[in-house]
Amino acid sequence: MIIIDGPVKLGGEIKVQGAKNSTLPLLAAAVICKGETVLHNCPALSDVETAVRILEHLGYQCTREGSSLIVNNEMKCCEIPPDLMKGMRSSIVFLGALVSRCGEANLHFPGGCEIGLRPIDIHISSLKKLGVEIEESGGCLRCSAPNGIRGSYVSLPFPSVGATENLMLAAVCSKGTTVISNAAREPEISDLALYLNRCGGRVYGAGESCVIIDGVEELHGCEHTIMPDRIVTATYMAAAAVTGGDVVIRGVDNSHILPMMSPFEESGCCIRQYGDVINILAPERLNPVKHIRTMPYPGFPTDAQPIVMPMAALGKGTSILVENIFENRYKYAEELNHMGANIRIEGKVAIVEGVEKLVGAPVTSWDLRGGAALVIAGLAAEGETRISGEEYIYRGYEDLEQNFAMLGAKIRTAEGK
Ligand code: UD1
């Protein structure tokens, strides 16, 4: 478990890691390239290890050199066993990549954090439009493209990040042109397009709601630097905010942070952004974050909703948060209430009456960002916070304890039994 002794005012400088949500589709994309892929700024996370295990199972050789991951292309099979698929939700993006590379793929329904139903119907129906035949039985997905993948017009009923990525991966080496309308616009989509284009792909419009893909014969390898993790950036910012800290975060893409700025501004933090640096200076007591609704990019990200909740919990007044993307993303709020927060959940709405202080308590992390919320709260709380279920947090945060300790936190790990 993770043990935090609070409160401590965080101060100092930190460099943000590469984005988990970009790394995973990039590793799936490496399946398609007939050549070596070198990913720089690749975070060392358990989810990345799971993706590496999938690649190794498929026959690829993955080598880590510092923060770079090198993937050598020697495909042996196009099947992913259930234990590897269950490890994380984003394993589903291997579907598009495998069908593109081998013309077939056998895999299982994916696992991942329990934050809602997380169906894959949009992935399946949109890949079918490109000529991919998909049979589902007993949790198994048997996919093939007997006549090859053909470019097509696909209109997504919701701008799903994973479905947009899967379509891009399936279409990049197809015959003809694919147009994805109502595509997800998240920066991770642009990062994937940048990588595919470096490998010889022709993907246009990524980051906009209409993405056009002109199919090419094949992709070669390339070197690519993974974009900075915007949610981890927000995590350090929120930790600085709740502790009345003064923190400088380096290696940030400031344009990605804009959709998350409102709670920091509303709560009275002073934010300075220059180049790839962001500096947050927090007041002694936060104002409420007022009103936040999660939306697809460029709206406020659902992954940052738990991250800013401890700020709302400690605000001088009432805040309202509305979760519009996942149905079950407030489980951690109950744990924050064990620490003295006053959060009431009514369906997708959280009504938060700010309290003067939080107190350390034994709490449980049930998912990645909910767990990060508990870490943030623990840094501000009086006394000892013991967080179990820490394996969820390590899915997305590299060197969590060391990084917060560098900013002055008293944080350590211990056996939970
Ligand atoms: C990705 C991110 C995740 C982030 C989410 C929303 C990765 C690895 N994960 O997840 O961190 O929280 O985007 O920004 O990049 N939906 C369906 N059917 C589908 C697909 C999605 O109903 O076939 C629904 C989901 O249940 C959810 C919503 O659409 O309610 C958003 O899902 P989606 O954008 O696909 O998220 P992920 O790609 O799973």
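The values are calculated or read from the model by the stated rules, or taken from the named source; none is laboratory data. Note that this is a predicted model, so its numbers are computed, not measured. Here the Cβ is made from the backbone with ideal geometry for all residues, glycine too, and neighbour counts use every protein chain on show.
Screening R344, R329 for residues that are more than 20 Å from S262 (Cα to Cα) and within 18 Å of the chain's Cα centre (by Cα) leaves exactly one candidate, R329. Picking from residues in segment 358-394 that are in contact with a helix residue (DSSP H, G or I) (Cβ under 8 Å, 6 or more places away or on another chain) and part of a loop (DSSP other than H, G, I, E, B), the one that is nearest to V232 (Cα to Cα) is Y394.
The test for being assigned by TED's automatic domain parsing to the domain that holds G201 and either at pLDDT below 95 or more than 8 Å from the ligand (Cβ to nearest atom) (or both) does not hold for E165.
Among residues of segment 174-187 that are in the same structural domain as I212 (by TED's automatic domain parsing) and in a strand (DSSP E or B), those with a Cβ under 9 angstrom from a residue that is modelled with pLDDT under 95 and not polar (S, T, N, Q), sequence gap 6+ or separate chain, pair up as K175/G148.
Yes or no, residue by residue, for (1) surrounded by fewer than 24 Cβ atoms within 10 Å (Cβ to Cβ); (2) within 16 Å of the ligand (Cβ to nearest atom); (3) in a helix (DSSP H, G or I):
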| residue | (1), (2), (3) |
| --- | --- |
| T23 | no, yes, yes |
| L26 | no, yes, yes |
| G35 | yes, no, no |
| C42 | no, yes, no |
| A51 | no, yes, yes |
| H57 | yes, no, yes |
| T63 | yes, no, no |
| L69 | no, no, no |
| M75 | yes, no, no |
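Residues of segment 323-374 that are among the β-branched types (V, I, T) and within 14 Å of the ligand (Cβ to nearest atom): I325 alone. Based on what the data block shows, is T235 of a type in the set (S, T, N, Q) and within 16 Å of the ligand (Cβ to nearest atom)? Considered against the rule, which asks whether it is of a type in the set (S, T, N, Q) and within 16 Å of the ligand (Cβ to nearest atom), T235 comes out as yes.
Please determine whether any residue of segment 135-145 is in a strand (DSSP E or B), more than 17 Å from the chain's Cα centre (by Cα), within 14 Å of the ligand (Cβ to nearest atom) and charged (D, E, K, R). There is at least one residue in segment 135-145 that is in a strand (DSSP E or B), more than 17 Å from the chain's Cα centre (by Cα), within 14 Å of the ligand (Cβ to nearest atom) and charged (D, E, K, R). For segment 368-398, the set of residues classified as among the hydrophobic types (A, V, I, L, M, F, W, C) and touching a strand residue (DSSP E or B) at 6+ places or on another chain (Cβ under 8 Å) consists of L374, V375, A377, L379, A380, A381, I387, I393, listed by residue number.
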